[in-house]
1. When the chain is fully extended, how far beyond the present Cα-Cα distance does residue 231 get from residue 209, taking 0.36 nm per residue of separation?
2. Each residue of the range 222-235 in turn: what ³J(HN,Hα) in whole Hz from Karplus with 6.51, -1.76, 1.60 and θ = phi - 60°, glycine and Pro shown as x?
3. Can you flag which of 79/213; 6/199; 96/139; 14/213; 14/237; 91/213 are past 29 Å Cα-Cα?
4. Per the Kirkwood definition applied to all pairs of different Cα atoms, how many angstroms is the hydrodynamic radius of the chain?
5. Once phi is turned into θ = phi - 60°, what whole-Hz ³J(HN,Hα) does the Karplus curve with 6.51, -1.76 and 1.60 give for every residue of the range 194-211, x standing for Gly and Pro?
6. Taking all protein chains as present, what is the carbon and sulfur share of the accessible area of the chain, in % to the nearest whole number, probe 1.4 Å?
7. For residue 143 and residue 267 in one chain, what is 0.36 nm times their gap in residues minus the Cα-Cα distance, to one decimal in nm?
8. Before rounding to the nearest 500, sum -39500 (n - 2.57) across all DSSP H runs of length at least 4 in the chain and divide by the residue total; then give [θ] at 222 nm in deg cm²/dmol.
Amino acid sequence: MRRLEKSELLLYIKTFIGLCRPIGIPIGIITMLAAIVSANGFSLSILPIATLVTLVSFYVGFAPNDYFDSETDENNPRKGGIQGEVVDQRKEMIAKWVTIFSIISAFILSLILPRTASIALIILTILSLMYSAPPIRLKGRPFLDSFVNFLMAYATFAIGVGLTGASFSDIIPGAMWFSLIYGGGGHALAAVMDYQPDKRADITTIAVESGKKIPIALFQLSILLALALEAWSQETKIFLLLTFHGLTLAALKPQREHIERLVYIGTAIMMIYGTIWIYLRI
């Protein structure tokens, strides 16, 4: 057996870590905890399985995307760091096997999870493949691409609820709105940031199809509908309004670098908000 050189081993480790989009894991953990708390199922004993499921979900959700987007990501300035791997020839094999292993792990894990969590994890895995993998590859189908991300966000919340033994009917209405806003809308905003590389690669995303400002406006519309149609806690209303105003700033200057800074700020605010929301309900 050939012995791996240190530089090669470090490349494999870096690629393995990068394929789960580590920048988003804190938000993923907060989302999972919020789902568990919403079903009144929080306990210290549930934390190990919740952490494992969150990690597997991130690999299932992002590893296929980075693997199948290897060619287009080469020209994407957002990729190659904490926002996703650029899978070149050196990384192709490990990305392939990490993708396969994550899918297998998700199906094995689904065998030992409570029923709702099991079904939701399988749904998440299938949706991820539908989004990233040919021949379906919904990534290149405007509006369907954002819709499937909305469904994946909802499935992720359903996993957390299911870990407590609760059913789909126990999922709070706010989960649907947050999935629509930050799953579907968040994906649309990412498409705005990726406008140039996607256009050069001839990938017809929602931003390429309709321009940069329409996806942002739809994101804002979903927030307004949520505020009008759902009863929210005071901290959630403030958070949604901050998101709305942040999107206004993004629409005024829809360049990638500007939106990216706003996304980092928004992510930090989301972590603070999520922590407060969970703390008030434990």
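The values are calculated or read from the model by the stated rules, or taken from the named source; none is laboratory data. This is a predicted model, so every value here is computed, not measured. Heads up, the Cβs are rebuilt from the backbone with ideal geometry, glycines too, and the neighbour counts pull from every protein chain shown. Heavy atoms of the whole protein, side chains included, go into the accessibility calculation; ligands, DNA and RNA do not. Shrake-Rupley method; radii C 1.70, N 1.55, O 1.52, S 1.80 Å.
1. Numbers: separation 22, 0.36 × 22 = 7.92 nm, distance 3.39 nm.
My answer for the length gained is 4.5 nm.
2. 5, 5, 4, 5, 4, 5, 7, 9, 10, 8, 10, 5, 4, 5
3. Values: 79/213 22 Å; 6/199 38 Å; 96/139 19 Å; 14/213 35 Å; 14/237 39 Å; 91/213 35 Å.
Where the Cα-Cα span goes over 29 Å, the pairs concerned are 6/199; 14/213; 14/237; 91/213.
4. Details: mean 1/r = 0.0517 Å⁻¹.
Across the chain, the inverse of the average 1/r is 19.3 Å.
5. Those phi angles translate into 8, 3, 5, x, 5, 5, 5, 8, 6, 9, 8, 8, 4, 6, 5, 6, 10, x Hz.
6. Working: 9530 of 14070 Å².
Its accessible area is 68 percent carbon and sulfur atoms.
7. Values: separation 124, 0.36 × 124 = 44.64 nm, distance 2.35 nm.
Extending this stretch completely gives an extra 42.3 nm.
8. Details: 14 runs with 198 residues, N = 282.
Helices in the chain give a 222 nm mean residue ellipticity of -22500 deg cm²/dmol.
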